[in-house]
Amino acid sequence: MEQIKCLIIGSGPAGCTAAIYAARAELNPVLYEGLQPGGQLTITTEIENYPGFPDGVTGPELMEIMKKQALRFKADFRSGLVTKVDFSKRPFIITIDEKTEVAAQTVIIATGASANWLKLPSEEKFKGMGVSACATCDGFFYRGQDVAVVGGGDTALEEASYLSNICNKVYMIVRRDVFRASKAMQQRVTSIPNIEVLWNHVTEEIIGDDSGVTGARLKNVKTNEEKKIDVTGFFVAIGHTPNTSIFCGHLDMHDSGYIKTKPGTTQTSVSGVFAAGDVQDLHFRQAVTSAGTGCMAAIEAERFLIEQA
């Protein structure tokens, strides 16, 4: 069985930063990229608040830069999904793609979070046929058309802002009568003329045919009045759920599914296992804080190994 000093699970800002620091510390880190190499930032548009980029940078560009930097220090990036863990004793046994086992002296969990869905039968029916959770991935297919975005947070407003540049019209379906997004994002979106905000509305059904989505049936939560909008693209942006299911029963977690870490550290309830990025961040969930905790996790893993030696 392959022996690994530092195994990193996840390839977003936290995982890549951990790989940079661990590689420079000569821990020979092995990083498994998971189902979405680069993490959630690969479906994010312009990033204006990441330090070092005065003109902004796109999410995919930022993640490519981070990966190149880690590779420069000989971090070992591998394709594969961690499907099982055994943290009962060291070395920890990690199963990749349900078949390959490796032994790790330390583990850094940076699995991030996944998009939430409305859980409508019609949503499931039209996924890939007009329904998407990634405007930057699929927005190109709806150039010059009318589309809808569900949600009132920063993610939803970012998606709507991006789509407004390429689509004819963007409907924003917001359950409440206010946005939850930052003031800067609110000001940006409300100033865009081809974005129409439908306050106090929820989606009852996504309408379509064999060719894909053709519209959506909405309901006003205050008046119960129904409204139909004609759209060919329907983008869901209602938050994320931490990717922690395989760690249930192995680590202490919050009720919301985020991994608990000791205050001021990335240490989990298991000595030698660390958590970084959105997987343990209930409050900020920003690229810069994810990178910061990735740095912390690598340094703590290095110190742990020194103490054990």
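Derivation of every value follows stated rules applied to the coordinates shown; laboratory data play no part. Note that the structure is predicted; figures quoted are calculated from it, not measured. Methodologically, a virtual Cβ is constructed for each residue, glycine included, from the backbone with ideal geometry; neighbour enumeration extends over all protein chains shown.
Here are some pairs, LYS119/LYS262; LYS68/LYS99; LYS67/LYS89; LYS68/LYS260; LYS119/LYS219; which of them have Cα atoms lying more than 25 Å apart in this structure?
As for pairs spanning more than 25 Å Cα to Cα, those are LYS119/LYS262; LYS68/LYS99; LYS67/LYS89; LYS68/LYS260.
Based on the Cβ-Cβ distance of LYS262 and TYR50, what FRET efficiency does E = 1/(1 + (r/R0)^6) give at R0 = 30 Å, to the nearest 0.05?
0.65
Could you give the nm distance between label points at GLU101 and GLU61, where each point is 7 Å from its Cα heading toward the beta carbon?
Here the modelled spin labels are 4.6 nm apart.
Would you please give the FRET efficiency between ASN168 and GLU124, computed as 1/(1 + (r/R0)^6) with r the Cβ-Cβ distance and R0 = 22 Å, to the nearest 0.05?
Approximately 0.25, to the nearest 0.05.
To the nearest 10 degrees, how steep is helix 154-164 against the longest Cα principal axis of the chain, on a 0 to 90 scale?
It works out to around 50 degrees.
Using DSSP to define loop residues, name the trypsin sites (Lys or Arg not before Pro) in the stretch 17-94 whose beta-carbon has at most 13 other beta-carbon atoms within 10 Å.
LYS74, LYS89
Assign unit charges at the C-beta atoms only (+1 for Lys and Arg, -1 for Asp and Glu), then state the dipole size of the chain relative to its Cα centre in Debye, rounded to the nearest 20.
460 debye
What's the longest piece of the chain with no exposed GluC sites (Glu not before Pro), counting a site as exposed if DSSP puts it in a loop and it has at most 13 other beta carbons within 10 Å?
99-224
With +1 assigned to the C-beta of every Lys and Arg and -1 to the C-beta of every Asp and Glu, and no other charges, what is the dipole magnitude of the stretch 117-236 about the Cα centre in debye, to the nearest 20?
380 debye
Could you give the length gained on full extension between PHE73 and VAL202, defined as 0.36 nm per residue of separation minus the Cα-Cα distance, in nm?
Fully extending the segment from PHE73 to VAL202 adds 41.6 nm.
For the stretch 113-153, which trypsin sites (Lys or Arg not before Pro) are both in a DSSP coil and crowded by at most 16 other Cβ atoms within 10 Å?
LYS119, ARG143
Go ahead and estimate [θ] at 222 nm for the chain from helices alone: -39,500 (n - 2.57) per DSSP H run with n ≥ 4, summed, over the residue count, rounded to 500.
Numbers: 7 runs with 76 residues, N = 309.
Calculated from helices alone, the mean residue ellipticity at 222 nm is -7500 deg cm²/dmol.
I'd like the antiparallel share, as a percent to the nearest 5, of DSSP beta bridges with both residues in the chain. Before the final figure, lay out each step's value.
Working: 28 of 61 bridges.
Of those bridges, close to 45 percent are antiparallel.
Taking the Cα centre of the stretch 195-272 as origin, work out the dipole magnitude from +1 charges on Lys and Arg Cβ and -1 charges on Asp and Glu Cβ, in debye rounded to 20.
In total the dipole reaches around 420 debye.
For the stretch 10-47 and the stretch 98-121, write down the distance between their C-alpha centroids in whole Å.
13 Å
What percent do you get for the relative contact order of the chain when only Cα pairs under 8 Å and 6+ apart count?
It comes to 21 percent, rounded to a whole number.
If each of ILE299 and THR241 carries a label point 7 Å out from its Cα toward its Cβ, how far apart are those two points in nm?
So the label points at ILE299 and THR241 sit 3.5 nm apart.
Percent antiparallel among DSSP beta bridges with both residues in the stretch 117-236, to the nearest 5?
45 percent
Tell me, in nm to one decimal, what length is gained between THR83 and GLU307 on full extension, where the rule is 0.36 nm per residue of separation less the Cα-Cα distance?
77.7 nm
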